[in-house]
Structures are given as C-alpha cells and as structure tokens.
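The values are calculated or read from the model by the stated rules, or taken from the named source; none is laboratory data. All of these numbers come straight from a predicted model, not from anything done at the bench. Don't worry about glycine lacking a Cβ; one is built from the backbone with ideal geometry, like all the others, and counts go over all protein chains shown. Just the protein is used for accessible areas: all its heavy atoms, side chains included, with ligands, DNA and RNA removed. Shrake-Rupley method; radii C 1.70, N 1.55, O 1.52, S 1.80 Å.
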Amino acid sequence: DAEGLLRIKEENQKHYRRAQRHQEKKEKIQRHNRKLGDLVEKKTYDLKTHYEHLANLRRTHILELTSVIFPIEEVKTSMRDPADVSSESDNAMTSSTVSKLAEARRTTYLSGRWVCDDHNGDTSISITGPWITLPNNGDYSAYYNWVEEKKTTQGPDMEHNNPAYTISAALCYATQLVNTLSLILDVNLPKKLCNRQRMLCFNSEFCGENLSKHRFTRAVKKLNANILHLCFSQHVNLDLLHPLHTLRNLMYLVSPDTENLGR
C-alpha cells in the first residue's frame, strides 16, 4: 500500500507539472488573442473611417454632378384647373361634387388602369434646365403618340417644342446620370440601357431613332428599375418612392437630405 501510495503521488506531481505547462500555454494564447482582438478592433475602426471618408467623397462628387451638370428641380405649373373656375362660377355646386372633381384631378389613366397621383397636373420635374421636364405622374404617352402620328404625317418636322422631344431628352439625360451614379457609387445596375456593346456606354436608347410604343415603354421600365435599385442601395425612404416617377425618384436619391448617400 505504501508503494502504491508513492506511485500515485509521483503521478500526481507529473500531472501537476503538466497542468502548469498547460496553464502557461493557455495564458500565452489568451494574451495572443487579446493582441489580435485589439488589432482587429483597430483595423475595423480604420476600415469604418475609410468607408466614411469614401462615402463623403462620393457624396461630394454626386452633389457637384447634380448641381452643375444634371440639376434636378421641381417645376410648378401655373396653369389653373378649369374645374376650379367652373366651381367658383357655379354657386349651386354641392360639396360632394367638389370632392368628386378633386378626386378626379388626382387620378390618371395610365397603362390601362387608373392610378392615384396627388401631384397630377400640379408639378413636373426638370433635369439640366427648366425647359427639359417629365410629367410628374409618369405618363409619357405623348412620346409614342407623337411617333405614331409622325408615321402618317408627311413632310419635315418643324415642331421643335413638341413634348415628345422634351420627354426623349429628359429620359436620355436621366439615363446618363444613372450610369454615372452607378460608377461613382460602385453599384452594378440590374438593367442595361445601351446601343453599343461597351463597358462604359452613356448613349441610351432614348437618344437614337424614334422608338415604338413597345420599345419605349420597355426602355422606361428598365430605367425606372435602375433608379429604384440605386435608391434601395442608398437606403432612400421607401415611402417617398413611386415606381413610375422617374425624375422624382432620382431627385430623392441625390438630395442632400439623403443621409446614406454615398454608402
């Protein structure tokens, strides 16, 4: 029994010395992990600072771009609604009739269905200047209606103030702005609007020949999808966006009030 007790004491001493070595290794690993943690925390802070600096640079470039080359503004129309004039002249008109007329003015028949638009007829959005505007409600039917009319009309086109030219120019500028924003923000666009197979293509489909209704609406949908994709990437308030409001969505995207612009 005494010899067995001695052997057990020797084994316990070996285990104790081994435990001490393991404890030293454990403390060494913990010190190494603390150093790595501090290094990772410092690198994370440096990376966050770098991202913030990059976001500020992007934001500065975008604000310069949209203030000098592609200014987007809301243009108020001074046209008075005939329904308002008639309502003033008719003293016998009931309040229900007035409310129905007001509701009718906020409703637009677009693409085979009625859509509600609170800004209908009140404002339009301009790009690069007050003379190049798009309807606020997203109704660009004046373009392809004019194209269909030109097919049956002979002779040179002398209508330089035709809304179709304005719509085409505004959509072309909007496409150029969206492509430039995707480069600055480093965001890949889901849809391509190019005539040529090049990596950097700024000539949109709206700059070329007159488009049919199918090609025009398809190109507008692709442009609107790209704009919404950029808005989502920059965390624009979803309550402000509308899938048909091309320039208004762009205006919200590049607004100085957009907190996450450049992220």
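Filter region 240-263 for residues that are part of a helix (DSSP H, G or I) and either at pLDDT below 90 or open to solvent by less than 30 Å² (accessible area, probe 1.4 Å) (or both) and give the result.
Leu240, Thr246, Leu247, Arg248, Asn249, Leu250, Leu253
Going through Ser78, Ser87 one at a time, which residue ends up being among the hydroxyl-bearing types (Ser, Thr, Tyr), at pLDDT below 90 and open to solvent by less than 100 Å² (accessible area, probe 1.4 Å)? Walk me through it before giving the result.
Details: Ser78 fails: open to solvent by less than 100 Å² (accessible area, probe 1.4 Å).
Only one candidate qualifies: Ser87.
Between a residue in region 145-165 that is within 20 Å of Ser212 (Cβ to Cβ) and any residue that is modelled with pLDDT under 70 and loosely packed, with under 13 Cβ neighbours inside 10 Å, which pairs come within a Cβ distance under 7 Å, given they are 6 or more apart or on different chains?
Lys150/Asp157
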